[in-house]
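Read the structure below first, then the notes.
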Amino acid sequence: MCGIIGYIGKKDAIPLVLNGLKNLEYRGYDSAGIGAIVNGELIVKKDVGKIDEVFSKINISSIGSNITIGHTRWATHGKVTKENAHPHTDCKNEIAIVHNGIIENYQELKKELISKGHVLKSETDSEIIAHLIEEEMKQRNFEDAFKKAIEKLKGSYAIVAINKNEKEMMGARKESPLVVGVSEDGYFIASDVPSFLDETKRVIYLYDGDVVVINNEIKIFNKGVEVKREIDSIEWDAEQAKKGVFKHFMLKEISEQAEVVKKAIMQDEKIIKEIVNAIKNAKGVYFVGCGTAYHACLEGSYIFSKVAKTHVNVCYAHEFPNYVHFLTPESLVIAISQSGETADTLAAIRAAKEKGAKVMSIVNVAGSTLVRESDKVLLQHAGPEICVLSTKSYTSQLTILVMLAYALVDKLDEAKSKLKELIRYIYYLTSKNTQEYIKKLAEKLKDARDIYLIGRDLQYPTALEAALKIKEVSYIHAEGFAGGELKHGNIALIEKGTPCIIFTSKENEEGIIANASELKARGAYVIGVGPRNSEVFDFFIKVRGAEEANSIVQIIPIQILAYQLAILRGLDPDRPRNLAKSVTVK
Ligand code: M6R
């Protein structure tokens with residue numbers, strides 16, 4: 001959940017690390033810090049706050065360094081304080097480390113270190129890593145001490161470490177992402193590629209258990225043995241990971257959806273066919289994911305049922321352990337994830353693999369752990385999604401699911417032409433005109449205490465996803481319901497003026513308009529989203545019918561509404577409180 005970066009090379013390291021941290025801020029923004037080796041001294045600067053706030057208070061522009069590490073924190077162990085911010089150092093302030101993950105055995109290691117005379121300054125699990133290295137260095141050099149220290153850790157980690165007496169940088173990863181950027185003049189070790197895209201597009205994806213040692217050269221070890229890892233080239237360019245003319249990444253990414261759907265359609269048909277065959281031959285297919293990706297899974301199960309009469313089980317990745325007893329080597333698990341690094345999703349596929357099941361996935365980030373650990377992968381090609389909220393990755397996942405469903409009944413070309421027809425319409429849905437229109441609704445809803453979102457059939461997952469978008473960025477309580485569930489309890493919540501957003505479609509108009517009328521009769525302020533207006537609606541957002549692809553177009557106005565609500569409430573849509581983009585801890 002935190003962002004880490006280190007640079008070692010000929011260039012001035014501090015500006016590179018600060019720029020890298022800004023590009024990683026989506027991973028956490030409670031506090032930030034850097035550790036730099038300057039003329040043989042270790043300088044650590046850190047504080048509470050977002051990166052700009054922290055570094056505007058600290059004058060570092062005049063410091064020159066060739067080895068620097070940096071960290072942007074999303075707190076897990078220990079409060080948000082300066083002491084708990086990274087980097088953490090050893091007793092002598094010679095070693096500095098940055099860490100992302102959770103060290104499960106830190107209490108026991110901490111006790112041991114204290115008994116050996118170490119003095120710890122923070123409440124974090126991370127600090128012990130610096131002291132462990134210090135302890136090991138009593139008997140061995142920095143590189144070997146780092147490796148020994150890593151062997152003692154249980155849990156998940158991505159770590160970068162430096163030592164003021166060495167022209168070296170160490171990195172290690174287990175269940176937390178870590179990549180190496182290879183540039184003309186040096187190396188980066190970081191949580192994610194956008195951190196160094198301004199400098200290089202050449203990357204080495206580290207594997208679980210890898211330890212990387214960089215000095216004059218780079219060496220990678222796994223289980224004590226030196227290993228070779230390929231240098232890959234990133235297809236994204238630095239501009240794609242910047243806001244450009246947009247004020248926020250959220251709006252930029254919402255606005256990119258026409259292009260993103262276009263790219264999702266251009267899938268390798270051979271892989272689609274292979275996945276379709278695997279689905280046909282499997283005895284039990286499971287879709288797993290978390291958050292928005294889970295909503296894509298749920299929507300996918302409806303689409304598969306409707307288009308291909310194919311049943312799939314849908315499960316939150318973190319609840320998947322309840323299903324593993326049913327898995328056999330003939331089962332197929334399809335994981336959906338933007339980042340490909342969500343710890344719960346990775347745990348689910350690993351559990352499936354243990355049972356011999358096949359794992360296939362729909363992922364946006366190439367080179368991610370999920371990509372590496374899957375038997376087959378459909379890459380979304382949606383470009384970097386920086387905003388904490390998933391927007392374009394959702395519509396892209398839905399596009400792929402529609403194609404898979406049609407491919408199951410040998411109608412892939414039909415799906416492609418249907419989806420292509422939607423592209424121009426998505427441009428319209430994300431246009432300034434639509435944004436202005438939805439702003440009027442946002443002004444009416446900005447002080448609402450609760451917003452309810454209701455859909456039936458294919459529109460039910462849309463209602464769940466719409467509620468997630470509103471709540472995570474505007475902090476207004478929002479809940480999605482299935483229309484049929486209203487009278488089983490939820491309608492008790494409706495008071496005079498309660499905003500209710502109703503997703504309609506030609507196929508379920510009768511049932512959902514009946515729900516809207518029941519809500520209206522209890523005083524609700526009823527907002528319709530769909531192809532046809534109704535007298536029951538107080539506000540109407542027209543979205544043309546798109547059958548199984550309805551969910552792709554209907555979510556867009558609500559993504560815009562969520563964005564507008566955040567702006568009107570004075571919130572930063574790219575950095576919602578308590579959240580981080582990649583949930584790499586369980
Ligand atoms: O990277 P993933 O798609 O696996 O992430 C899953 C969820 O953490 C993610 O969708 C999260 O719910 C977002 N905040 C939704 O906007």
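A few points about this structure:
- Lone qualifier among E319, E354 - being within 13 Å of Y286 (Cα to Cα) and surrounded by fewer than 22 Cβ atoms within 10 Å (Cβ to Cβ): E319
- The stretch 33-46 residues that are outside the structural domain of A75 (by TED's automatic domain parsing), paired with ones that are surrounded by fewer than 24 Cβ atoms within 10 Å (Cβ to Cβ) (beta carbon under 6 Å, 6 or more apart): none
- Tally, over the stretch 76-111, of residues that are assigned to a helix (DSSP H, G or I) and in contact with a Leu (Cβ under 9 Å, 6 or more places away or on another chain): 3
- Only listed residue being more than 16 Å from the ligand (Cβ to nearest atom) and under 22 Å from H248 (Cβ atoms), chosen from I560, I567: I567
- Every residue from the stretch 352-404 that is of a type outside the set (S, T, Y), out of contact with any helix residue (DSSP H, G or I) (no Cβ under 8 Å at 6 or more places or on another chain) and either assigned by TED's automatic domain parsing to the domain that holds V180 or within 13 Å of the ligand (Cβ to nearest atom) (or both): V371
A quick yes/no check of all residues on (1) at pLDDT below 95; (2) under 21 Å from I8 (Cα atoms); (3) surrounded by 24 or more Cβ atoms within 10 Å (Cβ to Cβ); (4) among the hydrophobic types (A, V, I, L, M, F, W, C):
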{"residue": "T68", "(1), (2), (3), (4)": "no, yes, yes, no"}
{"residue": "V80", "(1), (2), (3), (4)": "yes, no, no, yes"}
{"residue": "P87", "(1), (2), (3), (4)": "no, yes, yes, no"}
{"residue": "A96", "(1), (2), (3), (4)": "no, yes, yes, yes"}
{"residue": "H99", "(1), (2), (3), (4)": "no, yes, yes, no"}
{"residue": "I102", "(1), (2), (3), (4)": "yes, no, no, yes"}
{"residue": "E112", "(1), (2), (3), (4)": "no, no, no, no"}
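- Remark: pairs (first residue in the stretch 114-132, part of a helix (DSSP H, G or I); second residue among the hydroxyl-bearing types (S, T, Y); Cβ separation under 6 Å; 6+ apart in sequence or on different chains) = I128/Y106; A130/T89.
- Residue identified as out of contact with any Gly (no Cβ under 7 Å at 6 or more places or on another chain) and within 10 Å of the ligand (Cβ to nearest atom) among E341, E269: E341
- Test: E299 is under 24 Å from the mean Cα position of the chain (by Cα) and in the same structural domain as A357 (by TED's automatic domain parsing): yes
- Yes/no for H295 being crowded, with 22+ Cβ neighbours inside 10 Å, at pLDDT 95 or above and within 19 Å of Y460 (Cα to Cα): yes
- Evaluated against (1) within 16 Å of the ligand (Cβ to nearest atom); (2) over 30 Å from E253 (Cα atoms); (3) free of Cβ contacts under 8 Å to residues at least 12 places away in the same chain, E319 falls short on exactly one condition, (2).
- Only one of the numbered conditions (1) in contact with a Phe, Trp or Tyr (Cβ under 9 Å, 6 or more places away or on another chain); (2) surrounded by 22 or more Cβ atoms within 10 Å (Cβ to Cβ); (3) closer than 27 Å to N39 by Cα is violated by S176, and that is (3).
- Checked against the criterion of being without any contact (Cβ under 8 Å) to a residue 60 or more places away in the chain and part of a helix (DSSP H, G or I), the stretch 218-239 has at least one qualifying residue.
- Filter result for E479 (within 16 Å of the ligand (Cβ to nearest atom), among the charged types (D, E, K, R) and in contact with a strand residue (DSSP E or B) (Cβ under 6 Å, 6 or more places away or on another chain)): yes
- Filtered residue count, the stretch 15-44, keeping only those that are farther than 23 Å from S582 by Cβ and outside any strand (DSSP E or B): 3
- Considering residues of the stretch 423-478 that are among the aromatic types (F, W, Y) and touching a residue at least 24 places away in the same chain (Cβ under 8 Å) only, the residue nearest to L389 (Cα to Cα): Y475
- On inspection, N59 passes the criterion of being surrounded by fewer than 24 Cβ atoms within 10 Å (Cβ to Cβ), without any contact (Cβ under 8 Å) to a residue 24 or more places away in the chain and assigned by TED's automatic domain parsing to the domain that holds N216.
- The stretch 319-362 - residue that is within 16 Å of the chain's Cα centre (by Cα) and of a type in the set (D, E, K, R) and, of those, nearest to E373 (Cα to Cα): E341
The values are calculated or read from the model by the stated rules, or taken from the named source; none is laboratory data. The structure presented is a predicted model; accordingly, all values stated were derived computationally and were not measured. All Cβ positions, glycine included, derive from the backbone under ideal geometry; neighbour counts span all protein chains shown.
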